[in-house]
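These notes are about the structure you will find just below.
No value in this document is a laboratory result; all are computed from the given coordinates. Here the structure is a predicted model, which means the values were calculated and not measured. Here Cβ is always computed from backbone atoms with ideal geometry, including for glycine, and neighbour counts include all displayed protein chains.
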Amino acid sequence: MTTETSLPVSELRRKQLRFRGLESGHRACLGCGEALAARLVTESAGPDVMVANATGCLEIFTTPWPESAWRVPWVHSLFENAGALASGMEAALKAQGKSTKVLAFGGDGGTFDIGFQALSGMLERGHNVLYVCFDNEAYMNTGIQRSSSTPHAAMTTTSPPGKERMGKRHLKKDIISIVSAHHIPYAATSSVAFPSDIRKKVRRALAIDGPTFLQIHCPCPLGWGHEGDESIEVARLAVQTGLFPLIELERGGLAGAMPIRKIRAVTDYLKRQQRFRHLFVEDLRAKEELEHIQAIADHNIEVYGLRGEGKDAFDSEGMDTVRRGGMRWA
Ligand SMILES: Cc1ncc(C[n+]2csc(CCOP(=O)(O)OP(=O)(O)O)c2C)c(N)n1
Ligand code: SF4
């Protein structure tokens, strides 16, 4: 008979119990970045948490009545008040002398736009909450409308390219700087292409007694127009081009950045997605937009010092996969 100890390591690893806050069997689209990110965040946070979740895709695909894919206490909030709800939960737990950590979840619409006031209040009052924004750069749940996180020139149902403009006219809002301007102890960006980066930043945030914020770049195959099995590659290109810098800020100051060893041209990222297809036609305006987007990436690379040198394994070239890690909770 084969004993457990004689099993190959890969098989042993597969058999080990792993805590999952979000179970499989939910109804997200194939390759949904939000589903993966939420799994990684809850897995890293462990079982002693409570979640306040603003409406949006994550809330909808995880809780089709009467089912739920959550394995942690989870409350659905309105679009506009996840920050306020999480503040109340945290205050109530504190009054009861409990150390359970509160997480607040929102999409970019629920964070950058409609829930921003409640989020700002939560940060300013200093609640001990980790707020996670699953940034898929549009209002996906209601049909891919542009949000203030939608990048410049992207096509959405409310920013169609045409005679007047080449997709969205405005720049993606710099939410991480705005959040950091609340002088909170910790704010960071991360990406589903780098699971260990997400894990590290969740743990770092949860070790802090005070308001913390994590913005995770989450491809949406439906809204971005790529195949579901391309999500990780697309997300990685966003980082490697400099369009989505992975940074950490403490009390408003830059405390860390993931270096890019081999900087890629923005076209490598843009051409993988249908939402930018109007930029790849013979048109002077398209050429100008591509130059503009490249300038945005170049700016990020300079401002955050992203040019990677040396052989640091944990950088944008790291072959990070979901299978490699995972927190185990007894
Ligand atoms: C005040 C208010 N306005 C609009 C809606 C409709 N609504 C529900 S979810 C949603 C889009 C959510 O977008 P986002 O927060 O980016 O999350 P995603 O679905 O992209 O994950 C909208 C517009 C609402 N529920 N409440
Ligand atoms: S529409 Fe996008 S965000 Fe919503 S479940 Fe599908 S892939 Fe995920």
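Tell me the Rg and the Dmax, in Å, that the Cα atoms of the chain produce.
19.8, 72
Taking other Cβ within 10 Å of each residue's Cβ, how do Y131, Y139 sort, fewest first? Mind showing how you got there, number by number?
Details: Y131 29, Y139 26.
Least crowded to most crowded, the residues run Y139, Y131.
Could you list which residues have their amide H under 5 Å from that of I260, counting only those 5 or more apart in sequence or on another chain, with H placed in the peptide plane?
Excluding prolines and chain starts, which carry no amide H, the hits are R307, G308.
Where does the range 97-212 land on Rg/Rh, using Cα atoms and the Kirkwood Rh? Working shown, then result.
Details: Rg = 15.9 Å, Rh = 15.4 Å.
For the range 97-212, the value is 1.03.
Net charge near T157, counting Lys/Arg +1 and Asp/Glu -1 over other residues with Cβ under 12 Å of its Cβ? All intermediate terms of the calculation are to be shown ahead of the outcome.
Values: positive: R146, K168, R275; negative: none.
Here the charged neighbours net out to +3.
For the range 148-156, in order, what is each residue's ³J(HN,Hα) by Karplus, 6.51 cos²θ - 1.76 cosθ + 1.60 with θ = phi - 60°, in whole Hz (x at glycine and Pro)?
Once rounded to whole Hz, the list reads 6, 9, 4, x, 3, 6, 6, 8, 10.
If the cut-off is a Cα-Cα distance under 15 Å, which aspartates and glutamates reach K173, setting aside same-chain residues fewer than 8 apart in sequence?
Qualifying aspartates and glutamates at Cα under 15 Å: D108, D113, D135, E137.
Can you give me the relative contact order of the chain as a percent, contacts being Cα pairs under 8 Å and 6 or more apart? Provide the component values of the computation, followed by the final result.
Values: 670 pairs, mean separation 55.6, N = 330.
Computed value for the chain: 17 percent relative contact order.
If I build a Gaussian network model for the chain, linking alpha-carbon pairs within less than 10 angstrom, which residue out of K173, K163, K201 has the largest mean-square fluctuation?
K163
Charges at C-beta only: +1 for Lys and Arg, -1 for Asp and Glu. How large is the resulting dipole of the range 31-303 about its Cα centre, in Debye rounded to 20? Display every interim value, and only then the final one.
Values: 29 positive and 30 negative charges, 57 e Å.
Its charge dipole is roughly 280 debye.
Taking amide H positions as placed 1.01 Å from N in the peptide plane, with prolines and chain starts having none, which residues 5 or more places from A154, or on another chain, fall under 5 Å of its amide H?
Distant-sequence amide H within range of A154: K168.
Any chance you could give the angle, 0 to 90 degrees and rounded to 10, that helix 116-125 forms with the longest Cα principal axis of the chain?
50
May I ask you to sort W224, W74 by Cβ crowding, counting other Cβ atoms within 10 Å and putting the fewest first? Show your work: numbers first, answer last.
On the way: W224 24, W74 21.
Listed from fewest to most nearby Cβ atoms, that is W74, W224.
In whole Hz, with x marking every Gly and Pro, tabulate ³J(HN,Hα) for the range 91-106 from phi via Karplus 6.51 cos²θ - 1.76 cosθ + 1.60, θ = phi - 60°.
Going residue by residue, I get 5, 5, 5, 4, 4, 8, x, 9, 9, 3, 8, 9, 10, 10, 10, x Hz, with x marking Gly and Pro.
Using label points projected 7 Å from each Cα along Cα→Cβ, tell me how many nm separate V303 and E67, to one decimal.
Each label point is offset 7 Å from its Cα along the Cβ direction, giving 4.2 nm.
Could you list which residues have their amide H under 5 Å from that of S149, counting only those 5 or more apart in sequence or on another chain, with H placed in the peptide plane?
Result for S149 returns K173.
Just how large is the dipole of the range 1-140 about the Cα centre, in debye to the nearest 20, putting +1 at every Lys and Arg Cβ and -1 at every Asp and Glu Cβ? Each step should come with its number before you reach the end.
Numbers: 12 positive and 15 negative charges, 123 e Å.
Computed about the Cα centre, the dipole is about 600 debye.
What does the charge dipole of the range 89-172 about its Cα centre add up to, to the nearest 20 debye, if the Cβ of each Lys and Arg holds +1 and the Cβ of each Asp and Glu holds -1?
Numbers: 10 positive and 7 negative charges, 13 e Å.
Here the range 89-172 has a charge dipole of around 60 debye.
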